[in-house]
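Below: one structure, written as structure tokens.
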Amino acid sequence: MWRSSVFLAAVLAVPSQALHFFIDGAVQKCFFEELPKDTLVVGHYDAKVWDDAAKNYISKPDVGVFITVEETFDNHHRVVAQRGSGTGKFTFSAADSGEHRLCVVPQNVQQG
């Protein structure tokens, strides 16, 4: 069974928040965040997969993530669509105040 673990730390201006979540296979996981206008968001991520032999989560070179961010208040206007390796970051500024939907989909993992 392949289970993905994604650690996502998003820095919203000065305050920061971190998320750690598990995804079974290539399933999309979304979060909603109300952001004020001109907020700079810098997110760092690290995706790992479960290795039964090692009994631990490990990094694999072929595993990556696809990240999207949409402004839900503006007819789901997409402000980020980024495919990356298993470890990386994304950045965007909230052009307007409102709810933003951040989604992560692991790439190159098997359904558990």
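The values are calculated or read from the model by the stated rules, or taken from the named source; none is laboratory data. Every value quoted in this text rests on a predicted model; they were computed, and no experiment measured them. All Cβ positions, glycine included, derive from the backbone under ideal geometry; neighbour counts span all protein chains shown. What goes into the accessible areas is simple: the full protein's heavy atoms, side chains included, and nothing from ligands, DNA or RNA. Shrake-Rupley method; radii C 1.70, N 1.55, O 1.52, S 1.80 Å.
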Query raised in the report: Suppose every K and R has +1 on its Cβ and every D and E has -1 on its Cβ; what is the size of the dipole of the stretch 13-112 about the Cα centre, in Debye to the nearest 20?
Result: 340 debye
Query raised in the report: Given the stretch 25-107, what count of lysine pairs have C-alpha atoms under 25 Å apart, with each pair 8 or more places apart or on different chains?
Result: 9
**Report entry** Rg in Å to one decimal, and Dmax rounded to a whole Å, for the stretch 25-107 via C-alpha atoms
**Finding:** 14.6, 48
Query raised in the report: If amide H atoms are built 1.01 Å from N in the plane of the peptide, which residues on other chains or at least 5 residues away come under 5 Å of the amide H of Ile23?
Result: Ser4, Ser5, Val6
Report task. Leaving out ligands and nucleic acids, note down the accessible area per residue over the stretch 25-107 with a 1.4 angstrom probe, in whole Å². Result -> 53 Å²
